[in-house]
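Notes for the one structure printed next.
The values are calculated or read from the model by the stated rules, or taken from the named source; none is laboratory data. A quick note: this is a predicted structure, and the numbers were derived from the prediction, not measured. We place every Cβ from the backbone using ideal geometry, glycine too, and count neighbours over all the protein chains shown. Surface areas here come from the heavy atoms of the whole protein model, side chains and all, with no ligands, DNA or RNA. Shrake-Rupley method; radii C 1.70, N 1.55, O 1.52, S 1.80 Å.
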Amino acid sequence: MEAFAPNVLAFYLISAVAIILAILAVTTANLVRAALALAFGFFSLAGIFWLLGSPFVAVLQLVVNAGAIPIVTIFIVMMTQSRFSQLRNPLFAAVALLVAIPLLIAAFSFFPSPATTALTQTTPLTVEALGVELLSQRGAEVTLSSGETMTVQAGTILAFEVTAIILLVAFVGSIILARRESLILKLESGSKPAAEGKAADADA
Amino acid sequence: MLTLNHFLALGAILFAIGLYGLLSRRNLVAILMSVEILLNAILVNVVAIARFNDQAQGDVFALFIIAIAAAEVAVGLALFLNVFRLNGVATVDPLRRMKE
Amino acid sequence: MVFSLIALLLLALGGSMTLLFATVLERNPVMTAGGGLGVAVLALMFFALSYEQPGVLLGMYQLGGLSAIGGMILSLIAALTILGVMANPHKYRAGLSEIYALILFTALGGTLMIGANNLLLLYIGIELSSYSTYILVGYYRDERYSTEAATKYFVLGALASALLLYGISLLFGAGGGLYYDQIAATLAAADTLPALLWPGLALLLAGFGFKLALVPFHAWTPDAYQGAPTMAAALLSVGPKAGAVIALGNLLTQALGLEAISGVWQQALIWLAVLTMTVGNLQALNQRNLKRLLGYSSVAQLGTIIVGLAAGTLAGFQAVILYALGYAFTNIGAFTSIAALRDAGVGEEVDDYAGLGKRQPQAALLFTLFLLSLAGVPLLAGFAGKLFVFKSAVDAGLIVLATIAVLNTVIAYFYYFRVIVKMWLQPAADEAQPVNVNAIAMTALALGVIGVLVIGTFPGPFLEAIATALEPLGGLIIVGR
């Protein structure tokens, strides 16, 4: 029947896996296991995005959220020698519930007639359309390779450019915060490191 | 039949789990993992709303969220390395020195 | 169009170039600082030129008018902060010049969130200014206090961003789009307001509450201010906050100005304002550390600013912007005084300031003026801001709120005057040695005082300029009473 359609089953299966893994990720004392649970949890969320008809976001989820971020996290777990994490007061679960309940109620009261918004009616987003949305401005008329013309809804080129600056800030900022101090002290005191001074002279 | 409500509920549950982790963990790296869960809950929300309303805006928004979350991890991890270097542990426990 | 573009590019490329040249050229603190200052001042001028040129940049950013004024305030903040850093560049490892780039990027982030006409750019602007300030707060990487402050600020900032983003995602669902005009149109056309709107609005306000340090979301503020490098605290106390408060006003009036919604956010803002002013002032009363005291004082000041937004009228928004401008001069001035005196060997505790009036009368006089402006004494900028904010609240019928705000101002007098009395009437603890304050620091302080006096004495032209800038929004603001 309708209730056991493949995509419904897939949704419940993936959601259950994602939720269990997320719970593991925030409760496991061993942080390496927690990071692993996080990676697989995000991996399963990629399935949700694929189910929703947004394959590009699914792939990005696999590459960045399920791939890069847990790896970096495990690196830092090792570098800070913090294999195990203790818990604070479990009372905080109450706070989390307090926030979650209104959100759940809102989630279920939105769209009172779900018949109008079945997932099967949505069309998957092509990567080309996504790229056009990302790299043009709102209201522009763009002809796709298929010959259709589309009107750009989002047009986020400016945000795209600003994101480059955010990444620059994060990049430079991490270096400022984590760089070894000896080099800085030498520069501060005005005396160049010997090797660098020679190189500069040679350039001149 | 799948409706938007299913996906929003998944987002809300994940958000609550992340929030619990953020508040209950002592280790800073674990806190950062909880922040990642929060951001993924939002991703589920945004992509679901975008697809159900057939609006590419949301998918584009999701790309930005992923990129900015990665930048956030970079800054956070650099900070936590510093905490570890100065205190020997990367937890919230030594961070109570300033209260007079 | 051209002038705004130049101003934005100046901030963006100027920041990047500062980073680039710092690694390529000689590491000369004066040159890099001069470059940073030049970029900020030029950006200020170009924003001023773009004031009368409305338009839309790449569909996402509103030019001219309000965003020009926001850009001017943020560039001014950047310039004053850089001047404060220049007074003692070695304290900020500024030979390496990243600090100037981060200050410029904070200003850019603030400008972008003010001019944003959609939720995406708003979020990105907030993140840009947040990331820059996380790093500035943790800039003293070998000092435990600085790292502690940065970590607390980062963790709560990340939580705030997540709440804000969740709110944005729900608002996106309720409003059927990311652009403010789309959201306003969808909500206006809806028979019943979507249920998703309310948790979305609540989370949005909570996220902004964290970023603006409103009670009960203010726990990070005093620690972050105390531990941060002083000029970073100065920037943190005004830059992202001026940006976020104007952006919040813009978002609430343009996207959520519908009467049924504005009544709700007005009520929420009224409660936030009352709590913030009262708790901030009461906690400031018995602080010993001056930076911590200013931290709590800034919490209370933000509460007062929110009163103007809660009024929900054009006059209220106008007063908010004037307040933010005056507050920028005042608070950066106060922090620069602390930084300059600290460099000259005076501690950061209130007790260290005993007898300062005799040891260093000029700096003590300027610091006193800043404190008086924060307290809200007539003819100074703080008074003008408070006066117009309270007036707008009264005009909007919020008599009780205005009364509470005035009572809070009286409480605030206690702690500001405690410092002033300490400086002028109490003898110094040890032998009263004269204190030498750096000439650049004195220049920065004098500029700050000139700004405070001009805005305090002649607020008229500023108010008119702001009113003209807000005119296009006039049709969109719907007053719920």
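Annotations for the structure displayed:
- Among residues of segment C:8-19 that are more than 10 Å from every other protein chain (Cβ to nearest Cβ) and farther than 13 Å from A:VAL169 by Cα, those with a Cβ under 9 angstrom from a residue that is surrounded by fewer than 18 Cβ atoms within 10 Å (Cβ to Cβ) and of a type outside the set (A, V, I, L, M, F, W, C), sequence gap 6+ or separate chain, pair up as C:GLY14/C:GLY38.
- Applying the set (1) at pLDDT 90 or above; (2) within 12 Å of chain A (Cβ to nearest Cβ) to C:LEU80 leaves exactly one unmet item: (2).
- All conditions but one from (1) touching a residue at least 60 places away in the same chain (Cβ under 8 Å); (2) facing another protein chain (nearest Cβ under 10 Å) apply to C:LEU196; the one that does not is (1).
- Segment A:153-164, subset in contact with a helix residue (DSSP H, G or I) (Cβ under 6 Å, 6 or more places away or on another chain) and within 30 Å of C:TYR140 (Cβ to Cβ), residue surrounded by the fewest Cβ atoms within 10 Å (Cβ to Cβ): A:THR163
- Residue match in segment B:78-88 (condition: among the small types (Gly, Ala, Ser), more than 7 Å from chain A (Cβ to nearest Cβ), outside any helix (DSSP H, G or I) and more than 12 Å from the chain's Cα centre (by Cα)): yes
- All positions within segment C:140-157 that are away from chain A (no Cβ under 12 Å) and touching a Ser or Thr at 6+ places or on another chain (Cβ under 9 Å): C:TYR153, C:GLY157
- Considering C:GLN301, C:GLN267, C:GLN287, C:GLN283, the condition of being closer than 26 Å to C:ILE411 by Cβ and not in a helix (DSSP H, G or I) is satisfied by C:GLN287 alone.
- Residue match in segment C:439-455 (condition: farther than 27 Å from C:ALA344 by Cβ and either modelled with pLDDT of 85 or more or out of contact with any Ser or Thr (no Cβ under 7 Å at 6 or more places or on another chain) (or both)): yes
- Any hit, segment B:36-58, residues being touching a residue at least 24 places away in the same chain (Cβ under 8 Å), small (Gly, Ala, Ser) and facing chain A (nearest Cβ under 7 Å): yes
- Scan of segment C:31-44 for residues that are modelled with pLDDT under 90 and open to solvent by 50 Å² or more (accessible area, probe 1.4 Å), ordered by number: C:MET31
- Any hit, segment A:108-117, residues being hydroxyl-bearing (Ser, Thr, Tyr), surrounded by fewer than 16 Cβ atoms within 10 Å (Cβ to Cβ) and either modelled with pLDDT of 85 or more or assigned to a helix (DSSP H, G or I) (or both): yes
- Verdict on C:VAL56 being out of contact with any Leu (no Cβ under 7 Å at 6 or more places or on another chain) and either open to solvent by 10 Å² or more (accessible area, probe 1.4 Å) or not charged (D, E, K, R) (or both): no
- Filter pass, C:GLY243 being within 24 Å of C:ALA319 (Cβ to Cβ) and buried (at least 24 other Cβ atoms within 10 Å of the Cβ): yes
- Residue check, C:PHE208 among the aromatic types (Phe, Trp, Tyr), in contact (Cβ under 8 Å) with a residue 24 or more places away in the chain and open to solvent by 10 Å² or more (accessible area, probe 1.4 Å): no
Let's see how each residue does on (1) within 25 Å of A:PHE49 (Cβ to Cβ); (2) within 7 Å of chain C (Cβ to nearest Cβ); (3) open to solvent by less than 30 Å² (accessible area, probe 1.4 Å); (4) at pLDDT 85 or above:
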site	(1), (2), (3), (4)
A:LEU104	yes, no, no, no
A:THR126	yes, no, no, no
A:VAL142	yes, no, no, no
A:THR151	yes, no, no, no
A:LEU168	no, yes, no, yes
A:LEU183	no, no, no, no
A:LYS186	no, no, no, no
A:SER191	no, no, no, no
A:ASP203	no, no, no, no
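- Which numbered condition B:GLY11 fails, given (1) within 7 Å of another protein chain (Cβ to nearest Cβ); (2) open to solvent by less than 10 Å² (accessible area, probe 1.4 Å): (1)
- Residue that is surrounded by the fewest Cβ atoms within 10 Å (Cβ to Cβ), among those in segment C:98-139 that are among the polar types (S, T, N, Q) and more than 9 Å from chain A (Cβ to nearest Cβ): C:ASN117
- In segment C:158-180, the qualifying residues are those that are within 10 Å of chain A (Cβ to nearest Cβ) and hydrophobic (A, V, I, L, M, F, W, C), and the one that is surrounded by the fewest Cβ atoms within 10 Å (Cβ to Cβ) is C:ALA174.
- In this structure, B:ILE31 qualifies as closer than 16 Å to A:SER82 by Cβ, more than 7 Å from chain A (Cβ to nearest Cβ) and either touching a Leu at 6+ places or on another chain (Cβ under 7 Å) or buried (at least 24 other Cβ atoms within 10 Å of the Cβ) (or both).
- Among the residues of segment C:400-428, just one is among the basic types (Lys, Arg) and open to solvent by less than 70 Å² (accessible area, probe 1.4 Å), namely C:LYS422.
- A:ALA34 being facing another protein chain (nearest Cβ under 10 Å) and within 16 Å of the chain's Cα centre (by Cα): no
Here's the yes/no breakdown for (1) open to solvent by 20 Å² or more (accessible area, probe 1.4 Å); (2) within 14 Å of the chain's Cα centre (by Cα); (3) on the phi > 0 side of the Ramachandran plot:
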{"residue": "C:ALA319", "(1), (2), (3)": "no, no, no"}
{"residue": "C:ASN331", "(1), (2), (3)": "no, yes, no"}
{"residue": "C:GLU348", "(1), (2), (3)": "yes, no, no"}
{"residue": "C:PHE388", "(1), (2), (3)": "yes, no, no"}
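- Taken as a whole, the structure places B:ASN5 among residues that are facing chain A (nearest Cβ under 7 Å) and within 18 Å of C:PRO199 (Cβ to Cβ).
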